[in-house]
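S.K.: Take a look at the following structure, please.
Here, each number is a calculation from the coordinates, and none is a lab measurement. Worth saying up front: this structure is predicted, and the values here are computed from it rather than measured. In this analysis, Cβ positions are derived from the backbone assuming ideal geometry, glycine residues included, and neighbour counts consider all displayed protein chains.
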Amino acid sequence: MSTHERLAELKDRLDAKTRLMQDVAHELKNPLSVIHGYAAYLSKEDVPPAELKKALKTILANAERVAAMVGQLQDAVKLESTGFTMETRAVDGATLLQEAVESAELEAARRGVRLRWRSPVGDSLMVLADPKRVMQVLANLIGNALKFTPEGGTIEAHAQRDGGTVRFAVVDTGPGIPAGDLPHLFDRFYQSNDNPQKSSGLGLGLAICKGLVEAHGGQIWVESLPDVGCAFNFTIPSALTPDPVPR
């Protein structure tokens, strides 16, 4: 690599860090402003009970939003430096899938989106995994699908054995992903400028998902068709012996 190329790479990294700091400041400012405003309101005397409940609920929601962003930043540091530490054990992938879907059902109902899950009957989906980390990946993929699937749309999460792995998928009927974004989708801090439904965030969620899946020894990928939807797939090693190949 030439000196010019090294300088260009260094400049790109510095620019990325600058954008990250700007994004972090922007994303944290909004929920913190809401928390501050409601806290100031609650400091007044004689707040009606109904308003008190609403204010506390709003403060809690925004505090959870801040905590989630801080958690993403912590995971991004691990992704950059030491990597993720997995506490793996044999766990039922179907149970993880069901719990991830059930935890998102209220949000799906609020958005008017049908959310369902399925797994093969009688087929063991035991995986060697850190259950908290697999749940984190599923929650992120389902959460993204909810952001982009319009009212009346459908999201289906399913899992099946695939050789020596279990393949999980989250399929939605959203607008799909622009072709130009697909090669960069799992890059850290990447956010599309072409998607009219671009959501807020730090652009870390999918990069963290990729790091978590690969830390398990799996793979993650996406398939998308414009105006049809997309399917995010990832594999986790099975806890069972792979089925023998027929001769």
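S.K.: What FRET efficiency comes out for Asp46 versus Arg114 if R0 is 45 angstrom and r is the Cβ-Cβ distance? Round to the nearest 0.05. Could you put the intermediate results ahead of the total?
M.R.: Details: r = 44 Å, r/R0 = 0.98.
Using R0 = 45 Å, I get an efficiency of 0.55.
S.K.: Let me check I've understood the local charge: for Gly205, count other residues with C-beta under 11 angstrom from its C-beta, Lys and Arg +1, Asp and Glu -1. What total comes out? Before the final figure, lay out each step's value.
M.R.: Details: positive: Lys147, Arg188, Lys210; negative: Asp75.
Computed value for this residue: +2.
S.K.: Rank these for me by crowding, Leu42, Leu185, going from fewest to most other beta carbons within 10 Å.
M.R.: Details: Leu42 13, Leu185 18.
Exposure proxy ranking, most exposed first: Leu42, Leu185.
S.K.: Also, I was wondering about something else. For the pairs Lys29/Lys57; Lys44/Lys147; Lys11/Lys132; Lys29/Lys147; Lys57/Lys147; Lys29/Lys54, note any where the Cα-Cα span goes beyond 26 Å. Display every interim value, and only then the final one.
M.R.: Working: Lys29/Lys57 19 Å; Lys44/Lys147 36 Å; Lys11/Lys132 37 Å; Lys29/Lys147 21 Å; Lys57/Lys147 21 Å; Lys29/Lys54 21 Å.
The pairs that break the limit, which is 26 Å between Cα atoms, are Lys44/Lys147; Lys11/Lys132.
S.K.: From the phi angles alone, apply the Karplus equation (6.51, -1.76, 1.60; θ = phi - 60°) to segment 120-127 and give each ³J(HN,Hα) in whole Hz, x where the residue is Gly or Pro.
M.R.: Each residue of segment 120-127 in turn: x, 6, x, 10, 5, 10, 5, 10 Hz.
S.K.: To continue, here is another question. Explain nothing, just the number: dipole magnitude of segment 89-237 about its Cα centre with +1 on each Lys and Arg Cβ and -1 on each Asp and Glu Cβ, in debye rounded to the nearest 20. Display every interim value, and only then the final one.
M.R.: On the way: 14 positive and 17 negative charges, 50 e Å.
Here segment 89-237 has a charge dipole of around 240 debye.
S.K.: Another one. Tell me, in nm to one decimal, what length is gained between Val66 and Trp221 on full extension, where the rule is 0.36 nm per residue of separation less the Cα-Cα distance? The partial results should precede the final answer.
M.R.: Working: separation 155, 0.36 × 155 = 55.80 nm, distance 2.81 nm.
Here the answer is 53.0 nm.
S.K.: Using 0.36 nm times the number of residues separating Phe84 and Asp15, minus their current alpha carbon distance, what extension gain do you get? Let's see the in-between values first.
M.R.: Values: separation 69, 0.36 × 69 = 24.84 nm, distance 2.58 nm.
Gain in length upon complete extension: 22.3 nm.
S.K.: Further, regarding this structure: For the residues Phe148, Phe234, what sequence is obtained by ranking on other C-beta atoms within 10 Å, fewest first? Walk me through the intermediate numbers first.
M.R.: Working: Phe148 20, Phe234 25.
Going from least to most buried by this count: Phe148, Phe234.
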